[in-house]
Every structure is written in structure tokens, then in C-alpha cells.
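Asks: Before we start, here is the structure in question, set down as C-alpha cells.
The values are calculated or read from the model by the stated rules, or taken from the named source; none is laboratory data. From a predicted model like this one, the values you see are computed outputs, not experimental measurements. As a convention, Cβ positions derive from the backbone with ideal geometry for all residues, glycine included, and neighbour counts pool all protein chains shown. Calculation scope for accessible area: heavy atoms of the full protein, side chains included, ligands and nucleic acids excluded. Shrake-Rupley method; radii C 1.70, N 1.55, O 1.52, S 1.80 Å.
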2 protein chains.
Amino acid sequence: MINELFEYILNKIPELKYFKYDKIFKLESGKTLPKFQLAYETYGQLNSTKSNAILIFHALSGSSHVFKDNSEIGGWWDEMVGPNKPFDTNEYFIICANILGSCYGSTGPNSLNPLNGKIYGLDFPIITIHDIVKAIKMLIDHLGVQKLLTVTGSSMGGMQVLDWVINFSGITLSAIPMATAAYATTFNIAFNEVQRQAIYSDSFWNNGNYYSGFAPNKGLRLAREIGHITYLSEDIMREKFGRSLQNNPKLLFQFTEEFEVESYLQYKGTTFTKRFDANSYLYITKAIDYFDIRQNGNLIPTFSHLENNKFLVISFSSDWLYPTSKLKEIVFALKSNSLDVSFVEIDVNYGHDSFLIDCKDLREVVSNFLTNIEV
Amino acid sequence: MINELFEYILNKIPELKYFKYDKIFKLESGKTLPKFQLAYETYGQLNSTKSNAILIFHALSGSSHVFKDNSEIGGWWDEMVGPNKPFDTNEYFIICANILGSCYGSTGPNSLNPLNGKIYGLDFPIITIHDIVKAIKMLIDHLGVQKLLTVTGSSMGGMQVLDWVINFSGITLSAIPMATAAYATTFNIAFNEVQRQAIYSDSFWNNGNYYSGFAPNKGLRLAREIGHITYLSEDIMREKFGRSLQNNPKLLFQFTEEFEVESYLQYKGTTFTKRFDANSYLYITKAIDYFDIRQNGNLIPTFSHLENNKFLVISFSSDWLYPTSKLKEIVFALKSNSLDVSFVEIDVNYGHDSFLIDCKDLREVVSNFLTNIEV
């Protein structure tokens, strides 16, 4: 019973709150949601001038739980969020919402469809990055936040940053997109598609209709294993595992996993099935694939209406899923519109997941940027 | 009935011959094969001085059918083998054998186990690159070939080249390893493991026991789709497919494949299930994973006994599965032993599969090398 698992996890986060929108929400596809809710967390206090709010967007498998704080569960960005961290909870009012389509308290394929009282499954409509961002804007309005010091996010979170700033530039002083792209590349789509195929292939998936029985954990595990390879660099894989054998001094000459990297991937994949919903994985990877903010392939006009927004664009040298070249395309288009842009490629060998690790350079560059935004 | 399919394919190749070894063949694992056969093809004529023989090793999914010649079926290396091609069948005596463990006529998991008259399935012993090479050496002896002008192969074929030259340097004038490595990297193992998991996940796989029923085509298809992504560069993917949609002018907002790259991968995967055996895929990827000719991590002593062998090492600039850095490690170790080595990185954007495409630079560099080998 996968949904009981999410309830169990969410109950461990005392800061979790819900924003409920009880009217029809129109989606980019033309379809609608009769209503929705977003799970969200806030940390720190909005100051008297309401000028210290920061909105953080999470990536594919993230949640609103950006910071551990008083919960038992670690936050996904504890390296960057908290007292005396760049996103300093003593100084800023930090907001992070679980995205539409996800499984951590926001409305998604594992939610009840109010029209028939059954779990949506594949009846949940396809959503886009823009739908996700629009829903979060409603939360921001609901919180009475009228100005954002910055919006930030990595990977799919960076796509939300870009979509946000295009649509809500007037209330957004600055933006920090990291390890992302202005469109899902052919490569991104290809890797997402094989991950979806891994889920479809699991007979327990049953066309998305599995909430009363066994979840398609084999398929989701394989999807995550494939994904995980793309999150790491070849360098860090070699450094962490090399060709080391697991639990056996010599080759076993059999098909069970024997190299450490095999065990590691299986561990990562298995752990993931205990914290994520396979259908959410399908919907969110699809939202990534659809993302393309260029206009007829050109990114320059996308930003032409922006004026005073300040940007810090960050790439990681060893990221091959969202390589530096993709971030440079964003920088080029912003600069072509005479916008105030800083660009940093952080030299780190961890691959795409570099934004999640302990990284002094990342902390410094973000801290410096934040202290120099004029409110 | 997957084996009937292979019979059908093999019957279309008039040049196909079989080498049968009817004694016990000892494997690196310590296990044995009671006997084996290799399917092979030869093109051109061995000259009177027996000095024009060239041995070609195929990659993961290849066969002995390196050259189309009079068959209805295209050869896998028609770009490089044939009259007036670098491996000129008018000039050289070309030999190519299907490897042990494969499904194109050589003994593998889809063969009958002579000990019980049943198809091996997973009772087939795990084989290594060295086992594969040792079996081909017996074929070469059987053919009466005592000198090889060159041995060549790409990818897993290049691993065989390296293993061959280490073990049989005395009868080998030169070697041309391409797009390969002296050991499977952590990255290679990781990608091979998720491909194997895709096969294991298919319920039709049935622990390798499917030869009397339906083959695990869903699993094999997904494995090949994942593999195929690793064979192409991001550049060529973008160039070929970009974000183009298939059969529909707009986004469909549904889960069926809609981007061209998705349809292409599915087509490639599906086609593959009509020409390859899932168990062979498992055994051969495992042989790749085991490959490591370094001695305690050092490649220099591996080649220390070589003396007069000449090398042409070739990498392809856009190959990220067997990147140039891996070929340079081989070059460095050969050079450290004062061997005669030429190294060329061919600037081509096709990725790992570059060795299979029409490539003038590759043809020229190989032709020049061959004409300069002193017999």
C-alpha cells in the first residue's frame, strides 16, 4: 500500500502545511483538475518589509522538505538551507512546495479524484512545468508574498525557475537556475523514455492501477537505477567503486551482482521504491520532456520582456545530463537581452547530483549573490 | 521460437562454415564446455606465402557476417570490408568468427547441452573475453593460418584484439583496437547491469528457460534501447531527432511515444528482438564486465613481453562509452614498452557507433596502416 507509506513519511514533518485550491484549475493541455492541494513548508520569518522571501523549487524526486529543522527526516537541501547556510533561515523566509504530480502531499496520480472518489492513477491529466509553476504561484499569493528576493532550483527545479521568471518577473528580483536547461534535450527525453519503459514493463504497474495492491517496485527500481547512472559522473563512479567486488574476494562467474557499483545501484533503486510513487515518476519525467521555453527554437525572445531581474546561472563541470553548454545557452540569451547575469561553472566531479552535495564553492557563490541583491 | 529465427538467418549466408571442437574446453572460470562449435566466414584467398590473413573480432551483437558478399544479408562491417575497401577482400584473407556465447551459429546459451540433450539456458557456463579468444585461436590453427597480418575489432571486439595480442603476439604482426578499453569501466559495468536487469525483469525470461515458448522480448527491447542511447552521441541525437514530434503536429499530452527519438529507440529495440537472443546478451555483457587486462591496476606490465608488434589505436571523438581517454591509456602503456604505436582520434560526431558508419578518415587511416606493415 504505497499511499500509506507517504502518509507515514509526511506525518514525520511537523512543519508541513497544505494549501488547498477548491476551484477548477486549467492545465496547459486544455484539461482541468477539479481542485488541487499543495503540501508546502516555510522556514524563517517574513520580515516587516516583506522583502526576504525565497522560493525554492525541487527536482524530480524531491519534496517540500528542503530543510530538516525539527523533523526526524533530513531535508533534501540541508547543505544549502538552514541557519548560517546560504539560504539562511535566520535571515530569509524560505518557501518550498511539493509539485503537482508528485507524491509528497500535493495532488498527483496517487490522489483521490473528487469526481468519482477513486484514486486517479492514469486518469490524472498530464501536467507541464508551467502548470506546476502556476499552482505554486497561487500558494505564493495565498501566503501574501508580493516580492521574491530570489527563486532557485536545480535540474527540473531549474526549469521551474526559468518558467517562473518568464511569467512572474515583476515580483521576482532575482533567479538562480542551476544544472538545468531551457528545454529537455533529445538525450534527456531518451533517458526519461527508457525509465518510463522500465515502469510500464512491470506487470504490477497494471496501467497505473496498483494502489490497492503491490506497487511496480521492480520497474521503478530499474528506472531509478538507470536515472542514477545519469546523475553521477564517470569520474565519481570510478572513484567510489572502480571495479571493486562486493562481498567476495574473486570473481564469482555468476549473474548475481558482484561489482560494488551493481550493489550500489540496486540499493539506490530499492530505497527509492520505499519513498516514491511510480506513476508520479511517469508524470514528472513527462513534464520534463515537454519543457521547451524557446520560441521557434530561439531562446532570446523568451526573455525580451524582462528588465530588472538579476541572474546567477550555475553549472557543474562534471554534469553530463545538464551540461555546462546548456546553461551557457541560457546565459547567452539573457545577456542578449542586456540583463544582469553572472555565470559560474563550479569545478566538481560529482556529476549532475553535484547540487546536492557538500560544496563550498556553491555555498560561497550563492551567499555572495544573495547579499548583493538590492531590495 | 527464437532458435528457428537464427537458423533462418544463418541459412541465408552461403559463406557460413562451422569449426567443431569435440573435446573438453576449459574456461577461465574453471568450468568446462564438453565441446563447442564456432560459426565463421572467410573472404578472399590466403596467398602462397600465407602472409595476408586478417582476423576481425565482432562486438556485442555482431556475427561472423562481416561482409555481405553473395548473401542476401548485409555484413555488419561492409563499410570497411570488401573489394577496394580497407580490409580488401581482393588482397587479404579475411576471417571472422561468431564468438562463444553468441547466437549466430557458435555455441552459446541457446545451444544443446550435449550432456543432457537440452538447451543450455543458464546452465551455460559464464565465459570471458579470454575464453572467446582462445576458442577463436583454435579455429585459426584449424585453418592452418600461422601468421596474422593484423587483428582488429571495435568495442568488445577491441577487447578481443588486446587479449589476442597479449597471448598470441608471436603470430600477430599488428593490431588495430578501436573504440575500446583495457578494462570495463565502472560506467560500462553500470550500464551493462541495468540492461541485464531489464531482461531479468521480463517474466518471459523465466530464469533463462524460454526456448520452447515466448522469448523475453520486452526485456531485451528495453535493454537494447538503453544500450542504443549509449552508442550515440548527444550531438547526433540532437541532429537526427532534436525535439521533433512523430506523427502528430502538436503535443498529445499522453504517455504513448510522441517524440521521434522515442519511436526510434522503440524501433531499434524491437528490431533487435528479431535478431538476438536475450541470454546471449546476458553472457556477453558479463564477459565485457569481467574484462581487465591490467596487472594490479597497471597496464604497462601487461604488454612488457611484446616486441615487434605494430599498433594502430583508434578512438572516436564523440564516443562517451569508450572515450578517447581509455584508448590513450592503451597507447601510453604500449609506448612505455617502446612499442611501435600510432594513435588517431577520428573527429566524428556519431558516438560509439562511429566505427560502423561510412567514415572516410577511418578508411584512410586503416588502409595506410595496412600497406605499411612489413611482412
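Asks: With the condition kept exactly as written, say whether any residue in region A:257-264 is within 13 Å of another protein chain (Cβ to nearest Cβ), touching an Asp or Glu at 6+ places or on another chain (Cβ under 9 Å), outside any helix (DSSP H, G or I) and open to solvent by 50 Å² or more (accessible area, probe 1.4 Å).
Replies: Yes, because at least one residue in region A:257-264 is within 13 Å of another protein chain (Cβ to nearest Cβ), touching an Asp or Glu at 6+ places or on another chain (Cβ under 9 Å), outside any helix (DSSP H, G or I) and open to solvent by 50 Å² or more (accessible area, probe 1.4 Å).
Asks: Can you go through A:Leu5, A:Leu16, A:Leu38, A:Leu10 and tell me which one is more than 14 Å from every other protein chain (Cβ to nearest Cβ) and open to solvent by 50 Å² or more (accessible area, probe 1.4 Å)?
Replies: Going through A:Leu5, A:Leu16, A:Leu38, A:Leu10 in turn, just one is more than 14 Å from every other protein chain (Cβ to nearest Cβ) and open to solvent by 50 Å² or more (accessible area, probe 1.4 Å): A:Leu5.
Asks: Right, something else. Quick one: is A:Tyr290 more than 9 Å from chain B (Cβ to nearest Cβ) and of a type in the set (Phe, Trp, Tyr)?
Replies: no
Asks: Out of curiosity, is A:Lys23 part of a loop (DSSP other than H, G, I, E, B), open to solvent by 50 Å² or more (accessible area, probe 1.4 Å) and farther than 30 Å from A:Tyr290 by Cα?
Replies: Here the answer is no, as A:Lys23 does not meet what is asked.
Asks: Return the pairs, sorted by first residue and then second, in which the second residue is surrounded by fewer than 13 Cβ atoms within 10 Å (Cβ to Cβ) and of a type in the set (Lys, Arg), the first residue lies in region B:27-52 and is farther than 25 Å from B:Asn90 by Cα, the beta carbons are less than 6 Å apart, and the residues are 6+ apart or on different chains.
Replies: Note: pairs meeting the criteria are B:Thr32/B:Lys26; B:Gln37/B:Lys20.
Asks: Let me ask something else about it. Take the residues in region A:267-276 that are open to solvent by 30 Å² or more (accessible area, probe 1.4 Å) and either in a helix (DSSP H, G or I) or touching an Asp or Glu at 6+ places or on another chain (Cβ under 8 Å) (or both), then tell me which one is farthest from the other protein chains (Cβ to nearest Cβ).
Replies: That would be A:Thr271.
Asks: For region A:223-241, check the following and say yes or no: at least one residue is crowded, with 22+ Cβ neighbours inside 10 Å, at pLDDT 95 or above, more than 24 Å from A:Lys326 (Cβ to Cβ) and more than 7 Å from every other protein chain (Cβ to nearest Cβ).
Replies: Within region A:223-241 (the criterion being crowded, with 22+ Cβ neighbours inside 10 Å, at pLDDT 95 or above, more than 24 Å from A:Lys326 (Cβ to Cβ) and more than 7 Å from every other protein chain (Cβ to nearest Cβ)), the answer is no, since none of the residues qualifies.
Asks: Quick one: which residue in A:Leu321, A:Leu334, A:Leu356, A:Leu312 is more than 24 Å from A:Leu27 (Cα to Cα), more than 21 Å from the chain's Cα centre (by Cα) and hydrophobic (A, V, I, L, M, F, W, C)?
Replies: A:Leu334
Residue-wise test of (1) closer than 20 Å to B:Phe291 by Cβ; (2) open to solvent by less than 10 Å² (accessible area, probe 1.4 Å); (3) away from every other protein chain (no Cβ under 14 Å).
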position: B:Gln146; (1), (2), (3): no, no, yes
position: B:Thr152; (1), (2), (3): yes, yes, yes
position: B:Ser155; (1), (2), (3): yes, no, yes
position: B:Trp164; (1), (2), (3): yes, yes, yes
position: B:Leu173; (1), (2), (3): no, no, yes
position: B:Asn188; (1), (2), (3): yes, yes, no
position: B:Asp202; (1), (2), (3): no, no, no
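Asks: Continuing with the same structure: Look at A:Lys335 and say whether it is open to solvent by 40 Å² or more (accessible area, probe 1.4 Å) and not in a loop (DSSP other than H, G, I, E, B).
Replies: Here the answer is yes, as A:Lys335 does meet what is asked.
Conditions (1) within 29 Å of A:Asp358 (Cβ to Cβ); (2) in the same structural domain as A:Ile126 (by TED's automatic domain parsing); (3) open to solvent by 20 Å² or more (accessible area, probe 1.4 Å), marked per residue:
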site	(1), (2), (3)
A:Ala278	no, no, no
A:Asn298	no, yes, yes
A:Ser304	no, yes, yes
A:Val313	yes, yes, no
A:Phe316	yes, yes, no
A:Leu321	yes, yes, no
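Asks: Could you count how many residues in region A:303-354 are within 16 Å of A:Met159 (Cα to Cα) and free of Cβ contacts under 8 Å to residues at least 12 places away in the same chain?
Replies: 2
Conditions (1) under 24 Å from B:Gln45 (Cα atoms); (2) not in a helix (DSSP H, G or I); (3) not assigned by TED's automatic domain parsing to the domain that holds B:Val344, marked per residue:
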| position | (1), (2), (3) |
| --- | --- |
| B:Asp131 | no, no, no |
| B:Asp141 | yes, no, no |
| B:Val145 | yes, yes, no |
| B:Gln160 | yes, no, no |
| B:Val194 | no, no, yes |
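Asks: I've got another one for you. Could you grab me the full set of residues in region B:100-123 that are open to solvent by 10 Å² or more (accessible area, probe 1.4 Å) and within 15 Å of B:Ala59 (Cβ to Cβ)?
Replies: Result: B:Tyr104, single match.
Asks: Can you name every residue in region A:242-254 that is facing another protein chain (nearest Cβ under 8 Å) and either open to solvent by less than 40 Å² (accessible area, probe 1.4 Å) or touching a Ser or Thr at 6+ places or on another chain (Cβ under 6 Å) (or both)?
Replies: A:Gly242, A:Phe253
Asks: Of all the residues that make up region A:342-369, how many are in contact with a strand residue (DSSP E or B) (Cβ under 7 Å, 6 or more places away or on another chain), surrounded by fewer than 20 Cβ atoms within 10 Å (Cβ to Cβ) and over 30 Å from A:Glu239 (Cα atoms)?
Replies: Count: 1.
Asks: Which of the residues spanning region B:52-87 are more than 30 Å from B:Leu282 (Cα to Cα) and open to solvent by 20 Å² or more (accessible area, probe 1.4 Å)?
Replies: B:Asp69, B:Asn70, B:Pro83, B:Asn84, B:Lys85
Asks: Restricting to region A:167-181, what's the tally of residues that are under 12 Å from A:Phe311 (Cβ atoms) and either out of contact with any Lys or Arg (no Cβ under 6 Å at 6 or more places or on another chain) or among the charged types (D, E, K, R) (or both)?
Replies: The qualifying residues number 7.
Asks: Next question, about the same structure. Name the residues in region B:204-216 that are away from chain A (no Cβ under 11 Å), touching a residue at least 24 places away in the same chain (Cβ under 8 Å) and open to solvent by 50 Å² or more (accessible area, probe 1.4 Å), would you?
Replies: Once the filter is applied, which keeps residues that are away from chain A (no Cβ under 11 Å), touching a residue at least 24 places away in the same chain (Cβ under 8 Å) and open to solvent by 50 Å² or more (accessible area, probe 1.4 Å), region B:204-216 yields B:Asn209, B:Ser212.
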